[in-house]
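Chemist: Shown below is the structure under consideration.
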Amino acid sequence: LATVLGHEMTHVEGRHMVRFQRSARHKQLGFGLAAIAAGVIVAGEEGQARRSGNYGKAARIRVLSEVIVGLGLTLAIIASVNGYGRNLEREADHGAFNKMTAAGYDIDQASLVYQALLEDHGDSGKVEAFFFGSHPRLQKRIEAAELWASEHPNRAAEERPGDRKAFQRRMRPVIREDARMNLDLGRLELAQHELDQIMEQMPNDPEVHFLAGRLKMKKAEAERDPATARRLEGEARDAFQHSIRLDPRRAGPHRGVGLIAYRNGEFAAACAEFRQYVELAPAAEDTDSIRGYILEMEQDGDCS
(Lines give C-alpha, C1' and ligand atoms only; values in the text may rest on other atoms or scores of the structure.)
Protein backbone atom coordinates (compact mmCIF):
# COMPACT_ATOMS: atom_id res chain seq x y z
CA LEU A 1 0.00 0.00 0.00
CA ALA A 2 2.84 2.39 0.82
CA THR A 3 4.42 1.64 -2.57
CA VAL A 4 1.21 2.42 -4.45
CA LEU A 5 0.45 5.58 -2.46
CA GLY A 6 4.02 6.83 -2.83
CA HIS A 7 3.84 6.22 -6.57
CA GLU A 8 0.59 8.16 -6.98
CA MET A 9 1.77 10.99 -4.68
CA THR A 10 4.83 11.42 -6.89
CA HIS A 11 2.58 11.72 -9.96
CA VAL A 12 0.70 14.56 -8.25
CA GLU A 13 3.76 16.34 -6.85
CA GLY A 14 5.57 16.16 -10.19
CA ARG A 15 2.51 17.42 -12.13
CA HIS A 16 2.92 14.39 -14.35
CA MET A 17 -0.53 14.65 -15.92
CA VAL A 18 0.14 18.22 -17.04
CA ARG A 19 3.55 17.25 -18.41
CA PHE A 20 2.11 14.21 -20.14
CA GLN A 21 -0.74 16.13 -21.81
CA ARG A 22 1.58 18.96 -22.90
CA SER A 23 4.02 16.46 -24.39
CA ALA A 24 1.20 14.62 -26.16
CA ARG A 25 -0.13 17.85 -27.72
CA HIS A 26 3.33 18.86 -28.96
CA LYS A 27 3.95 15.47 -30.48
CA GLN A 28 0.54 15.33 -32.13
CA LEU A 29 1.21 18.74 -33.68
CA GLY A 30 4.60 17.60 -34.96
CA PHE A 31 3.22 14.41 -36.44
CA GLY A 32 0.32 16.36 -37.96
CA LEU A 33 2.76 18.61 -39.81
CA ALA A 34 4.69 15.51 -40.90
CA ALA A 35 1.44 13.98 -42.19
CA ILE A 36 0.69 17.11 -44.26
CA ALA A 37 4.18 17.08 -45.75
CA ALA A 38 3.97 13.36 -46.51
CA GLY A 39 0.54 13.87 -48.07
CA VAL A 40 1.87 16.60 -50.40
CA ILE A 41 4.79 14.41 -51.53
CA VAL A 42 2.60 11.34 -52.11
CA ALA A 43 -0.04 13.42 -53.97
CA GLY A 44 2.68 14.67 -56.31
CA GLU A 45 3.84 11.13 -57.04
CA GLU A 46 0.26 9.98 -57.63
CA GLY A 47 -0.44 12.93 -59.97
CA GLN A 48 2.70 12.26 -61.99
CA ALA A 49 1.69 8.60 -62.42
CA ARG A 50 -1.77 9.62 -63.66
CA ARG A 51 -0.37 12.14 -66.13
CA SER A 52 1.85 9.45 -67.60
CA GLY A 53 -1.18 7.16 -67.98
CA ASN A 54 -0.01 4.66 -65.36
CA TYR A 55 -3.31 4.47 -63.46
CA GLY A 56 -2.44 1.18 -61.77
CA LYS A 57 0.66 2.71 -60.20
CA ALA A 58 -1.37 5.75 -59.14
CA ALA A 59 -3.92 3.53 -57.40
CA ARG A 60 -1.19 1.61 -55.59
CA ILE A 61 0.43 4.85 -54.43
CA ARG A 62 -2.91 6.07 -53.05
CA VAL A 63 -3.53 2.84 -51.06
CA LEU A 64 0.03 2.79 -49.77
CA SER A 65 -0.13 6.45 -48.76
CA GLU A 66 -3.32 5.90 -46.78
CA VAL A 67 -1.65 3.09 -44.84
CA ILE A 68 1.61 4.90 -44.20
CA VAL A 69 0.23 8.37 -43.53
CA GLY A 70 -2.82 7.12 -41.66
CA LEU A 71 -2.00 4.01 -39.64
CA GLY A 72 1.78 4.50 -39.62
CA LEU A 73 1.69 7.99 -38.15
CA THR A 74 -1.03 7.00 -35.68
CA LEU A 75 1.18 4.20 -34.33
CA ALA A 76 4.15 6.57 -34.23
CA ILE A 77 2.17 9.03 -32.09
CA ILE A 78 1.02 6.28 -29.72
CA ALA A 79 4.54 4.90 -29.38
CA SER A 80 6.06 8.32 -28.80
CA VAL A 81 3.50 9.45 -26.25
CA ASN A 82 3.52 6.19 -24.33
CA GLY A 83 7.30 6.14 -24.35
CA TYR A 84 7.24 9.47 -22.52
CA GLY A 85 4.59 8.02 -20.21
CA ARG A 86 6.88 5.15 -19.27
CA ASN A 87 9.56 7.63 -18.20
CA LEU A 88 7.06 9.31 -15.90
CA GLU A 89 6.09 5.93 -14.45
CA ARG A 90 9.74 5.18 -13.67
CA GLU A 91 10.05 8.60 -12.03
CA ALA A 92 6.96 7.84 -9.93
CA ASP A 93 8.39 4.46 -8.91
CA HIS A 94 11.63 6.09 -7.74
CA GLY A 95 9.65 8.77 -5.92
CA ALA A 96 7.74 6.04 -4.08
CA PHE A 97 10.99 4.31 -3.08
CA ASN A 98 12.35 7.60 -1.75
CA LYS A 99 9.22 8.28 0.30
CA MET A 100 9.13 4.75 1.71
CA THR A 101 12.79 4.86 2.70
CA ALA A 102 12.37 8.25 4.40
CA ALA A 103 9.26 7.06 6.28
CA GLY A 104 10.91 3.90 7.55
CA TYR A 105 8.98 1.32 5.52
CA ASP A 106 10.62 -1.93 4.52
CA ILE A 107 11.75 -1.11 0.99
CA ASP A 108 12.44 -4.81 0.35
CA GLN A 109 8.66 -5.30 0.16
CA ALA A 110 8.13 -2.76 -2.66
CA SER A 111 8.77 -5.26 -5.44
CA LEU A 112 5.82 -7.38 -4.25
CA VAL A 113 3.41 -4.87 -5.85
CA TYR A 114 4.81 -5.59 -9.30
CA GLN A 115 5.10 -9.30 -8.53
CA ALA A 116 1.35 -9.39 -7.81
CA LEU A 117 0.61 -7.64 -11.11
CA LEU A 118 2.96 -10.00 -12.92
CA GLU A 119 1.23 -13.08 -11.49
CA ASP A 120 -2.21 -11.65 -12.32
CA HIS A 121 -1.60 -10.40 -15.85
CA GLY A 122 1.79 -11.62 -17.01
CA ASP A 123 4.35 -9.36 -18.66
CA SER A 124 3.55 -7.91 -22.08
CA GLY A 125 5.87 -8.51 -24.99
CA LYS A 126 8.45 -5.92 -25.99
CA VAL A 127 6.59 -4.80 -29.12
CA GLU A 128 3.26 -4.52 -27.30
CA ALA A 129 4.87 -2.64 -24.41
CA PHE A 130 6.55 -0.18 -26.79
CA PHE A 131 3.50 0.61 -28.92
CA PHE A 132 0.62 0.31 -26.48
CA GLY A 133 1.89 0.10 -22.88
CA SER A 134 2.23 3.21 -20.75
CA HIS A 135 4.07 1.40 -17.95
CA PRO A 136 7.55 -0.14 -18.01
CA ARG A 137 7.61 -3.93 -18.17
CA LEU A 138 6.80 -5.47 -14.80
CA GLN A 139 9.95 -7.60 -14.60
CA LYS A 140 12.04 -4.46 -15.11
CA ARG A 141 10.13 -2.72 -12.32
CA ILE A 142 10.73 -5.66 -9.98
CA GLU A 143 14.43 -5.51 -10.77
CA ALA A 144 14.49 -1.72 -10.29
CA ALA A 145 12.83 -2.03 -6.86
CA GLU A 146 15.26 -4.74 -5.76
CA LEU A 147 18.23 -2.69 -7.00
CA TRP A 148 17.01 0.39 -5.12
CA ALA A 149 16.61 -1.65 -1.92
CA SER A 150 20.15 -2.98 -2.22
CA GLU A 151 21.59 0.50 -2.78
CA HIS A 152 19.54 2.33 -0.11
CA PRO A 153 19.63 0.68 3.34
CA ASN A 154 16.50 1.40 5.35
CA ARG A 155 18.19 3.49 8.05
CA ALA A 156 15.00 5.22 9.18
CA ALA A 157 13.53 1.88 10.27
CA GLU A 158 16.75 0.95 12.09
CA GLU A 159 16.56 4.17 14.09
CA ARG A 160 13.09 3.25 15.44
CA PRO A 161 13.36 -0.46 16.30
CA GLY A 162 10.62 -0.29 18.93
CA ASP A 163 8.11 1.26 16.54
CA ARG A 164 9.10 -1.19 13.82
CA LYS A 165 8.55 -4.24 16.05
CA ALA A 166 5.16 -2.93 17.18
CA PHE A 167 4.18 -2.29 13.57
CA GLN A 168 5.23 -5.81 12.59
CA ARG A 169 3.10 -7.29 15.37
CA ARG A 170 0.06 -5.35 14.20
CA MET A 171 0.69 -6.34 10.58
CA ARG A 172 0.89 -10.11 11.19
CA PRO A 173 -2.83 -10.83 10.78
CA VAL A 174 -2.99 -8.41 7.84
CA ILE A 175 -0.23 -10.25 5.97
CA ARG A 176 -1.84 -13.59 6.83
CA GLU A 177 -5.16 -12.40 5.39
CA ASP A 178 -3.39 -11.06 2.30
CA ALA A 179 -1.77 -14.48 1.85
CA ARG A 180 -5.22 -16.07 1.96
CA MET A 181 -6.55 -13.68 -0.70
CA ASN A 182 -3.50 -14.22 -2.91
CA LEU A 183 -4.04 -17.96 -2.53
CA ASP A 184 -7.67 -17.61 -3.62
CA LEU A 185 -6.58 -15.52 -6.61
CA GLY A 186 -3.96 -18.07 -7.68
CA ARG A 187 -0.94 -15.89 -6.83
CA LEU A 188 0.86 -18.88 -5.38
CA GLU A 189 4.40 -17.49 -5.31
CA LEU A 190 3.31 -14.32 -3.55
CA ALA A 191 1.20 -16.30 -1.08
CA GLN A 192 4.20 -18.56 -0.40
CA HIS A 193 6.41 -15.54 0.28
CA GLU A 194 3.91 -14.11 2.79
CA LEU A 195 3.27 -17.43 4.53
CA ASP A 196 7.00 -18.06 4.93
CA GLN A 197 7.30 -14.63 6.52
CA ILE A 198 4.37 -15.14 8.90
CA MET A 199 5.29 -18.73 9.78
CA GLU A 200 8.47 -17.43 11.43
CA GLN A 201 6.53 -14.86 13.46
CA MET A 202 3.43 -16.96 14.27
CA PRO A 203 4.58 -20.61 14.33
CA ASN A 204 1.68 -21.67 16.58
CA ASP A 205 -1.12 -20.03 14.60
CA PRO A 206 -3.43 -22.78 13.29
CA GLU A 207 -4.70 -20.59 10.44
CA VAL A 208 -1.17 -20.14 9.07
CA HIS A 209 -0.68 -23.92 8.93
CA PHE A 210 -4.11 -24.38 7.35
CA LEU A 211 -3.24 -21.87 4.62
CA ALA A 212 0.12 -23.57 4.12
CA GLY A 213 -1.74 -26.85 3.58
CA ARG A 214 -4.07 -25.25 1.03
CA LEU A 215 -1.08 -23.82 -0.80
CA LYS A 216 0.61 -27.23 -0.97
CA MET A 217 -2.61 -28.78 -2.30
CA LYS A 218 -2.89 -26.19 -5.07
CA LYS A 219 0.71 -26.82 -6.06
CA ALA A 220 0.13 -30.59 -5.99
CA GLU A 221 -2.91 -30.24 -8.26
CA ALA A 222 -0.90 -28.22 -10.78
CA GLU A 223 2.16 -30.51 -10.65
CA ARG A 224 2.69 -32.83 -13.64
CA ASP A 225 5.30 -35.06 -12.05
CA PRO A 226 3.46 -37.75 -10.01
CA ALA A 227 6.24 -38.16 -7.44
CA THR A 228 6.41 -34.41 -6.77
CA ALA A 229 2.62 -34.21 -6.59
CA ARG A 230 2.54 -37.01 -3.98
CA ARG A 231 5.24 -35.27 -1.94
CA LEU A 232 3.34 -31.96 -1.98
CA GLU A 233 0.12 -33.73 -1.04
CA GLY A 234 1.88 -35.35 1.91
CA GLU A 235 3.21 -31.98 3.03
CA ALA A 236 -0.31 -30.53 2.73
CA ARG A 237 -1.69 -33.32 4.93
CA ASP A 238 1.01 -32.68 7.53
CA ALA A 239 0.15 -28.96 7.57
CA PHE A 240 -3.58 -29.66 7.98
CA GLN A 241 -2.95 -32.13 10.80
CA HIS A 242 -0.66 -29.66 12.56
CA SER A 243 -3.41 -27.06 12.35
CA ILE A 244 -5.85 -29.56 13.89
CA ARG A 245 -3.45 -30.28 16.76
CA LEU A 246 -3.21 -26.55 17.46
CA ASP A 247 -7.00 -26.08 17.32
CA PRO A 248 -9.22 -29.18 16.82
CA ARG A 249 -12.33 -26.97 16.51
CA ARG A 250 -11.30 -25.47 13.18
CA ALA A 251 -13.37 -27.00 10.39
CA GLY A 252 -11.23 -26.33 7.31
CA PRO A 253 -8.26 -28.56 8.19
CA HIS A 254 -10.58 -31.53 8.81
CA ARG A 255 -11.99 -31.09 5.33
CA GLY A 256 -8.48 -30.90 3.86
CA VAL A 257 -7.33 -34.12 5.54
CA GLY A 258 -10.59 -35.81 4.57
CA LEU A 259 -10.22 -34.99 0.88
CA ILE A 260 -6.63 -36.24 0.79
CA ALA A 261 -7.60 -39.46 2.57
CA TYR A 262 -10.56 -39.97 0.21
CA ARG A 263 -8.36 -39.54 -2.87
CA ASN A 264 -5.91 -42.11 -1.49
CA GLY A 265 -8.63 -44.66 -0.77
CA GLU A 266 -8.37 -44.26 3.02
CA PHE A 267 -12.13 -44.17 3.41
CA ALA A 268 -12.39 -44.78 7.16
CA ALA A 269 -10.09 -41.82 7.85
CA ALA A 270 -11.88 -39.71 5.24
CA CYS A 271 -15.26 -40.49 6.78
CA ALA A 272 -14.08 -39.51 10.27
CA GLU A 273 -12.63 -36.20 9.08
CA PHE A 274 -15.69 -35.37 6.96
CA ARG A 275 -18.00 -36.03 9.92
CA GLN A 276 -15.90 -33.63 12.01
CA TYR A 277 -16.15 -31.02 9.27
CA VAL A 278 -19.93 -31.29 8.97
CA GLU A 279 -20.32 -31.05 12.75
CA LEU A 280 -18.09 -27.98 13.00
CA ALA A 281 -19.38 -26.20 9.87
CA PRO A 282 -23.03 -27.24 9.37
CA ALA A 283 -23.87 -24.12 7.34
CA ALA A 284 -20.81 -24.10 5.03
CA GLU A 285 -21.47 -23.85 1.29
CA ASP A 286 -20.04 -27.29 0.57
CA THR A 287 -21.51 -29.10 3.58
CA ASP A 288 -24.15 -30.86 1.46
CA SER A 289 -21.44 -32.04 -0.92
CA ILE A 290 -19.38 -33.43 1.96
CA ARG A 291 -22.49 -35.17 3.33
CA GLY A 292 -22.77 -36.80 -0.07
CA TYR A 293 -19.26 -38.23 0.30
CA ILE A 294 -20.17 -39.57 3.76
CA LEU A 295 -23.40 -41.16 2.50
CA GLU A 296 -21.53 -42.80 -0.36
CA MET A 297 -18.94 -44.32 1.96
CA GLU A 298 -21.60 -45.42 4.47
CA GLN A 299 -23.51 -47.24 1.73
CA ASP A 300 -20.30 -48.98 0.63
CA GLY A 301 -19.57 -49.99 4.22
CA ASP A 302 -16.38 -47.92 4.37
CA CYS A 303 -17.37 -45.84 7.42
CA SER A 304 -16.89 -47.42 10.81
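Chemist: For the range 171-304, what is the accessible area per residue in Å², given a 1.4 Å probe and the full set of protein chains?
Modeler: 53
Chemist: Under a point spin-label approximation (7 Å from Cα along Cα-to-Cβ), what is the Asp247-Met181 distance to one decimal in nm?
Modeler: 2.0
Chemist: Moving on. Using the Karplus curve 6.51 cos²θ - 1.76 cosθ + 1.60 with θ = phi - 60°, work out ³J(HN,Hα) for each residue of the range 181-198 in order, rounded to whole Hz, and write x for Gly and Pro.
Modeler: 5, 5, 5, 5, 8, x, 8, 5, 5, 5, 4, 4, 4, 5, 5, 4, 5, 6
Chemist: Among residues other than Leu185 whose Cβ falls under 9 Å from its Cβ, what is the net charge (Lys/Arg +1, Asp/Glu -1)?
Modeler: -2
Chemist: A further question follows. Could you compute the net charge surrounding Leu232? Neighbours are other residues with a C-beta less than 15 Å from the C-beta of Leu232; K and R count +1, D and E count -1.
Modeler: +2
Chemist: OK, next. What number comes out for the charge environment of Met202, summing +1 per Lys or Arg and -1 per Asp or Glu over other residues with Cβ under 11 Å away?
Modeler: Net charge around Met202: 0.
Chemist: Now for a different question. Order the following by accessible area, largest value first: Met202, Met100, Met181. Probe radius 1.4 Å; ligands, DNA and RNA are ignored.
Modeler: Greatest to least solvent exposure: Met181, Met202, Met100.
Chemist: Considering only protein heavy atoms and a 1.4 Å probe, what is the carbon-and-sulfur percentage of the accessible area of the range 161-304?
Modeler: On the range 161-304, the fraction of accessible area on carbon and sulfur atoms equals 49 percent.
The values are calculated or read from the model by the stated rules, or taken from the named source; none is laboratory data. Just so it is clear, the model here is predicted, and its values are computed rather than measured. Neighbour counts run over all protein chains shown; Cβ positions are idealised from the backbone, glycine included. We work out accessible area using only protein heavy atoms, side chains counted, and drop any ligands, DNA or RNA first. Shrake-Rupley method; radii C 1.70, N 1.55, O 1.52, S 1.80 Å.
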